[in-house]
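What follows is calculated from the coordinates using simple rules that are stated; it is not laboratory data. These numbers were taken from a predicted model, which means no experiment stands behind them. Neighbour counts run over all protein chains shown; Cβ positions are idealised from the backbone, glycine included.
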Amino acid sequence: MAYRELFVVEVKEILRLWARGHGFRHVARATSLDRKTVRRYVTVARALGLDRNREDLALDDFFVGEVVASLLPGAKSAPGSMRNHCRAHAAAIAGWVKAGARGPKIVRLLTRETGVIVPLRTMQRFISVELGTPSRGRTVWVADGKAGEVLEIDFLLLGDFVDRETGKKRRLYALLCLAPFSRHEFVWPCLGQTQQDVIDGLEAAWRFFGGVFPVLLPDNMKPIVTRADPIAPVLNVHFTEYAQDRGFEVDPARPRRPRDKARVERQVRFVRDDYFGGEKFGSLREAREEAVRWCSETAGMRDHGTTRRQPRVCFEQEELPLLKPVPTELYDQPRWTTATVKRDNVVCIGSALYSVPCKIEDAELRVRIDRATVKMYLANQLVKAHPRQAPGGKSIDPADLPAGKVALATRDASSLQRNAESLGVHVGEYARRLLEAPLPWMRLRRVYALLGLGKRYGGAAVDEACARALELEVVEVPRIAAMLEKGLLRRGLLHVPPPPPPVANNVIALPRFARNSSEWRVDRPTPGAPPDAQA
């Protein structure tokens, strides 16, 4: 006859009537039950403490539950001989367990010691229940958290596909992003599991969801976590910079603890079977287009078995308003490198030259490179930033050059002209005449020489000398230097010669010489004369 489980009210009525002094026959007739059933429940209740002479005993739910539990099929029974045999050798079994042996091995060891063969399942139950060895434990339901707070991500292997253009077989992975509150998900197929794939997938996820989640919950994948640790994981510097740019925090799961992100782990098989299973993609672009459609229409609009809601509808109603805005500009992933500053205060980065402040010499800088800028750091301090140049280009800031060498290094003729004008009006005009020369380096050197004379003799003396030289149309720095060295100006010995007489009647006036013409006569020897005669 099959076992019939009585309702709790029926059990309590049986015990109440018997405790009030009624016999089994009367109780069975009053409850419409078999007399043997009544006797069985009363016998168990008496063993648990039910007594007609104790009016203070309350027939509460706990007492009724104990009675019913004792009568259920499979209720705890007395241990058998094999369990008692294991108890008798519990110390030996515990030692084998501590040494690393498992159930089958322990059964053989115990048989070798005692000659009794214990069933494997009996041994396993004994180890688990009575020795208290660690087990996998029970599954605990974890709360979903607040709406719009966390995004769980994970990589999964989808399978292989044949590229239609190349005809080659490619392996296809996917970055799975799941909102645990609404169960709305996004799949980003990719060909690898690099940091660039993670960033590209997250960028596509922000556009798909319509916002950025405040917290990202990944596992300890290398593109995000450099060193895994359950308490203080070390994040990748480049990914940390991406998180700073997009404004979210990274909270990695503990190592080898997939239950920390159980929602996205649970969806891996569903994505692999329902999205990728049976599909024949010919390119990565086709796989991504189908992934967006599948996430929006198929997975997003199904009735979820746990939440009993459509994930997409739940997300749009409760989570989307809480997200941060979608970034309007594409992320410019930077590249970090090092550069050593030499004595010329110029570093070469990406085959381009960039200047460094002259106060920094023989130091190693950390350099951050993106599409637009090049930033240089010394001991976490920003020392210089330049617009990024193409290979072969230069970005030299005159402020970085040593004092006095800026104009020469940059060929800045205008600054030299201003310096010359500060010495005097005629010096400025003289410098302007010098800078009209066609050779750039030569004209700069001439002006530098002129400015040097100003430092040596003073601006007034150089200005007077330049004024006299300009009157004579003599634009040569060595002449100015000679005039100042001889001190002709200071002694008043410099006389300007009068202009030549005018030419009349086509007669050219002969020049006058300071020396007698006889001084220029040369006596040549007579051919054939003796040496004495020649002398």
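Values for this structure:
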| item | result |
| --- | --- |
| Sites R308 and R112 - FRET efficiency at Förster radius 60 Å, r taken between beta-carbons, to 0.05 | 0.60 |
| Cross-link pairs K222/K342; K261/K324; K394/K455; K342/K375 - those with Cα-Cα distance over 25 Å | K222/K342; K394/K455 |
| Rg and Dmax [Cα atoms of region 335-400; Å; Rg one decimal, Dmax integer] | 10.5, 28 |
| Region 275-355 - charge dipole about Cα centre, Lys and Arg +1 at Cβ, Asp and Glu -1, debye rounded to 20 | 280 |
| Separation of the A228 and A399 label points, Cα + 7 Å toward Cβ, nm | 4.8 |
| Tensor-based shape of region 85-129 (alpha-carbon gyration tensor, a/c under 1.5 rounded, otherwise prolate or oblate) | rounded |
| Lysines whose Cα lies under 16 Å from that of K169, excluding same-chain neighbours fewer than 8 positions away | K280 |
| Separation in nanometres of the label points that stand 7 Å from Cα toward Cβ, at R207 and D144 | 2.8 |
| Distance in nm between pseudo-label sites at R39 and K168 (7 Å out along the Cβ direction from Cα) | 8.5 |
| Cα centroid separation, region 298-314 to region 145-180 (Å) | 20 |
